[in-house]
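> I'd like to ask some things about the structure below.
The values are calculated or read from the model by the stated rules, or taken from the named source; none is laboratory data. Keep in mind the model is a prediction, meaning the values are calculated, not measured. Note that we place each Cβ from the backbone using ideal geometry, even for glycine, and neighbour counts take in every protein chain shown. Please note that ligands, DNA and RNA were not included when accessible areas were found on the heavy atoms of the full protein model with its side chains. Shrake-Rupley method; radii C 1.70, N 1.55, O 1.52, S 1.80 Å.
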Number of protein chains: 2
Amino acid sequence: MLRIAVAAAATALIATTALAQQPIALRDMGSFHVGGRHIEITGQPIKEIVFTPGGVPAKVDPNGTYQVEQMYSQYFLVQNRKGKLPLLMWHGGGLSGVTYETKPDGKPGWMNYFLRQGWDVYVSDAMERGRSGWTNQFKGEPVFLPLGDPWERFRIGPAGSWSPDKAKRKTYPGTQFPIEAYEQFMKQGVPRWVTTDKQIVAAYIALVDKVCPCVVMVHSQSGTFGYQVLEARPDKVKALVAVEPTRGGDRSKVASIKSTPIAMIYGDFAKDHPRWSKIRQGGVDYAGVLKAAGGSIDVIDLPDAGLRGNSHMVMMDRNSDEVAALIQKWLAGKGFVD
Amino acid sequence: MLRIAVAAAATALIATTALAQQPIALRDMGSFHVGGRHIEITGQPIKEIVFTPGGVPAKVDPNGTYQVEQMYSQYFLVQNRKGKLPLLMWHGGGLSGVTYETKPDGKPGWMNYFLRQGWDVYVSDAMERGRSGWTNQFKGEPVFLPLGDPWERFRIGPAGSWSPDKAKRKTYPGTQFPIEAYEQFMKQGVPRWVTTDKQIVAAYIALVDKVCPCVVMVHSQSGTFGYQVLEARPDKVKALVAVEPTRGGDRSKVASIKSTPIAMIYGDFAKDHPRWSKIRQGGVDYAGVLKAAGGSIDVIDLPDAGLRGNSHMVMMDRNSDEVAALIQKWLAGKGFVD
């Protein structure tokens, strides 16, 4: 049996490697901004700004109309399409669409994985993050994360395991996060506000109205956005893959979304984590309410599926392809793959 | 003669359309962040932040080490390579790498053009912009541009031609800018500082050290960055295509960069524009100094090449493919195309 398993694993590995070496053929690629609105600023003095040191000064009148709250989305449309609908990938808090691109350790991430599986992919930067731009008209202050903060909050290591000294950092046993690339991961961070959920959701709805019906994949903070958009557009979001979502949906709206299959996926070390155990339990409880109303939701704890050691940043973990394969299989099982 | 010219133009058009319809085949695609540094913040109180409304609060200690000043770059490596070196595309002020992606009118931009011509392409967001992230530790205030500001500064229309009322906006005669997509263009804007050139250049140098020898294409503000990086790495920047650069290089350093061919490209309406006439003349004067030192630089006014109506945002103008073809021909003439 062991010999057969090893042989099968070797065959799978060769197949995966061959796939990874084939060119990615795209019938088109591009980007756009959606949503947002115009606001008026008045009563400010005219400024003279030297945009380039030593350059020619330009007069800028800061009064007038401003474009705010739009969202950026980049798309890659595959030549040989197998996913029946576009796959929209939404990142978590303090990050951008880069989450799904090359992993911090330099290996291919989920965007390339799903492209190679034949999905048309749309990767967005949430309103206010990355290429979506931001405005000084948001309420409150932006949040900047210190280098060590995600180490424990994203379940790479338990409480007290972070150290500025790389040699002294501890991890959960068997962590899949590529800890040698942690500093590189932190280069992906962007500031975020905690007052802008409404505008973020509005922009995601504008995206869904433009490119769906579709499958939406969310991670962490965008879990709440994914559910809100699904509740607003149950006819357009045909499946929701919620990877480590920080929240479930609105329990009063479960009846309206019961025709959309949902996967809720949690990594390792969540059940015993002081904060994540509560977050996960909230998701499990929500799933119960949705199921009772006739909805379709699968709560998948990766360790129960034989995948151990996953951090909150599942798509950056060493075994990210295996988790992606689990998602691909789930989507195929729901009829979304040709 | 006219009949022959029309026939030739029709053949070229068919060839271009056929090329645009072929899939884009990539041997790889991905992204990374380069450069940046760690800084220390001390003496700040610990905060409790509810990252998701209704979610589980998290304690965040804002003291400690922060990652700052890194830069994002996304790359697309073509299957059938014809450009001999990677092509690095750097955007202008208040914008991001989106500049080179799909044009505001929804048509393909220069990134796709040069990919289809067989170039490996790296499109970056300058340090502080877009997916590079930013920090509240930059000096001074960020600049936000009102909706109308670029209309005149980017030479879509002359002084006094902007109006919030679309029907009342005026343009230069024969402008190539897709004015119906002006509002869409303004969605691409991101805040920018005017105090961070040093850090921006440091990050571009880190990029060049990682992926070059290469050809660097710059636009507007990144003209000054392109020259500074060329002066710092004359052995690695093998050609510089400066599209509407706001400055030339350092006249005291011309001897050190004379082996790198440079194209300086200006659109229409620049010679008579109160601000652009000075900017352009600065470039022309610099070119004279470089040539006198034995350097190789071509100043190309697009109207002199038969391309009329170009705004500052050349790569978004209706005739952007024609300008790209001019650049492609220049690069081929310098020996950079197989």
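> Give me the angle, in degrees from 0 to 90, between the Cα long axis of helix B:320-333 and the longest principal axis of the Cα atoms of chain B, rounded to the nearest 10.
80
> Under the rule of -39500 (n - 2.57) per DSSP H run of 4 or more residues, summed and divided by the residues of the protein assembly as shown, what mean residue ellipticity at 222 nm is obtained, to the nearest 500 deg cm²/dmol? Can you show the working numbers first?
On the way: 16 runs with 188 residues, N = 676.
Only helices count here, giving -8500 deg cm²/dmol.
> If you don't mind, another one. If we hang a label 7 Å off Cα along the beta carbon direction at B:K59, how far is it from the matching labels on the other copies, in nm, shortest first?
Copy-to-copy label distances for B:K59: 5.5 nm.
> Nearest-5 percent of antiparallel DSSP beta bridges in the protein assembly as shown? Working shown, then result.
On the way: 51 of 95 bridges.
If I count the DSSP bridges inside the protein assembly as shown, around 55 percent turn out antiparallel.
> At 4 °C and 1.567 mPa s, what whole-number value in µm²/s does Stokes-Einstein give for the translational diffusion of segment B:50-95, with Rh from the Kirkwood sum over Cα pairs? All intermediate terms of the calculation are to be shown ahead of the outcome.
Working: Rh = 16.3 Å.
Here the translational diffusion coefficient equals 80 µm²/s.
> Mind scanning A:K139/B:K103; A:K187/B:K198; B:K198/B:K236 and naming the pairs with a C-alpha gap bigger than 21 Å? Before the final figure, lay out the partial values.
On the way: A:K139/B:K103 31 Å; A:K187/B:K198 19 Å; B:K198/B:K236 19 Å.
As for pairs spanning more than 21 Å Cα to Cα, those are A:K139/B:K103.
> Where nothing but the Cβ of Lys and Arg (+1) and of Asp and Glu (-1) is charged, how large is the charge dipole of chain A around its Cα centre, in debye to the nearest 20?
Working: 40 positive and 32 negative charges, 103 e Å.
That gives chain A a dipole magnitude of about 500 debye.
> A follow-up question, please. Across 10 Å bins from the origin, how do the percents of Cα pairs in segment B:289-338 run, short distances first?
Per 10 Å bin, starting at 0, the Cα pair percentages come out as 22, 43, 30, 5.
> Sorted from largest down, what three extents in whole angstroms do the Cα atoms of segment B:26-74 have along their principal axes?
That works out to 47, 30, 9 Å along the principal axes.
> Compute the Rg to Rh ratio over segment B:45-184 from the alpha carbon atoms, using the Kirkwood formula for Rh, and round to two decimal places. Show your work: numbers first, answer last.
Numbers: Rg = 20.6 Å, Rh = 18.9 Å.
A ratio of 1.09.
> Do me a favour and compute the ellipsoid semi-axes for segment B:146-190 from its Cα gyration tensor, root of five times each eigenvalue, largest one first, whole Å. Display every interim value, and only then the final one.
Values: eigenvalues 47, 25, 22 Å².
Ellipsoid half-lengths, sorted descending, are 15, 11, 10 Å.
> What is chain A's relative contact order, in percent, from Cα pairs under 8 angstrom and six or more apart in sequence?
Details: 672 pairs, mean separation 55.2, N = 338.
Contact order relative to length: 16 percent.
> Considering only B:T175, A:G333, A:Q74, whose Cα is most displaced toward the positive end of the charge dipole of the protein assembly as shown, charges sitting on Cβ of Lys, Arg (+1) and Asp, Glu (-1)?
Selected residue: A:G333.
> Over all alpha-carbon pairs of segment A:132-278, lay out the pair-distance distribution in 10 Å bins, whole %, shortest bin first.
Histogramming segment A:132-278 at 10 Å steps yields 10, 32, 32, 22, 4, 0 percent.
> What trypsin sites (Lys or Arg not before Pro) does segment A:126-224 have in DSSP loop regions with at most 12 other beta carbons within 10 Å?
A:K139
> While we're on this one: Could you state the angle between the C-alpha long axis of helix A:222-232 and the longest principal axis of the C-alpha atoms of chain A, as a value from 0 to 90 degrees rounded to the nearest 10?
The angle comes out at about 80 degrees.
> Please report Rg over Rh for segment B:122-211, where both radii come from the alpha carbon positions and Rh follows the Kirkwood definition. Before the final figure, lay out the partial values.
On the way: Rg = 16.6 Å, Rh = 15.5 Å.
With Rg and the Kirkwood Rh in hand, the quotient comes to 1.08.
> Any idea what the dipole of segment A:14-145 comes to, in debye rounded to 20, about its Cα centre with Lys/Arg Cβ at +1 and Asp/Glu Cβ at -1? Numbers along the way, then the final one.
Working: 13 positive and 11 negative charges, 109 e Å.
About 520 debye.
> So how many Å³ per residue does the convex hull of the Cα atoms of chain B work out to? Walk me through the numbers before you get to the answer.
Details: hull volume 62.0 nm³, N = 338.
Dividing the Cα hull volume of chain B by its residues yields 184 Å³.
> Provide an ascending nm list, one decimal, of label-point separations from B:Q21 to the equivalent residue in each further copy; define each label point as 7 Å from Cα along Cα→Cβ.
The projected label point of B:Q21 is separated from its counterparts by 3.4 nm.
> Using θ = phi - 60° and the Karplus form 6.51 cos²θ - 1.76 cosθ + 1.60, what ³J(HN,Hα) does each residue of segment B:179-186 get, whole Hz, x for Gly and Pro?
Computed from phi, the couplings for segment B:179-186 are 4, 5, 9, 4, 4, 5, 4, 5 Hz.
> Now a separate question. Note the angle between two axes, namely the Cα long axis of helix B:276-292 and the longest principal axis of the Cα atoms of chain B, as a number of degrees from 0 to 90, rounded to the nearest 10.
Helix B:276-292 sits at roughly 80 degrees to that axis.
> Please compute one quarter of the surface area of the Cα convex hull for the protein assembly as shown and express it in square nanometres. Walk me through the intermediate numbers first.
Numbers: hull surface 130.1 nm².
That works out to 32.5 nm², a quarter of the Cα hull's surface.
> Note down the relative contact order for segment A:94-137 as a percent, whole number, built from C-alpha pairs under 8 angstrom at least six residues apart. Mind showing how you got there, number by number?
Details: 36 pairs, mean separation 16.6, N = 44.
Once normalised by length, the contact order is 38 percent.
> Quote the accessible area belonging to B:T246 in square angstrom, nearest 10, computed with a 1.4 Å probe and with ligands, DNA and RNA left uncounted.
Its heavy atoms expose roughly 20 Å² to the probe.
> Distances in nm, one decimal, shortest first, from B:A325 to the same residue in every other copy, taking the label point 7 angstrom along Cα→Cβ.
Values, ascending and in nm: 4.8.
> Let me ask something else about it. Looking at chain B, send over the antiparallel percent of its DSSP beta bridges, to the nearest 5. Walk me through the numbers on the way to the answer.
Numbers: 24 of 46 bridges.
Around 50 percent of the beta bridges assigned by DSSP in chain B are antiparallel ones.
> Right, something else. Compute the whole-percent fraction of alpha carbon pairs in segment B:236-338 spaced more than 24 Å apart.
Details: 1191 of 5253 pairs.
Pairs farther apart than 24 Å: 23 percent.
> Running Debye on segment A:82-141 with equal point scatterers at the Cα sites and no solvent, what base-10 log of I(q)/I(0) appears at q = 0.13, 0.21 Å⁻¹?
-0.42, -0.84
> Here's something else I'd like to know. Please compute the contact order of segment B:66-218 in relative form: average sequence separation of alpha-carbon pairs under 8 Å and at least six residues apart, divided by the residue count, as a percent.
Values: 251 pairs, mean separation 51.9, N = 153.
It rounds to 34 percent for segment B:66-218.
> For segment B:27-117, count all C-alpha to C-alpha pairs, find those more than 17 Å apart, and express that count as a whole percent of the total.
Result for the distance tail: 69 percent.
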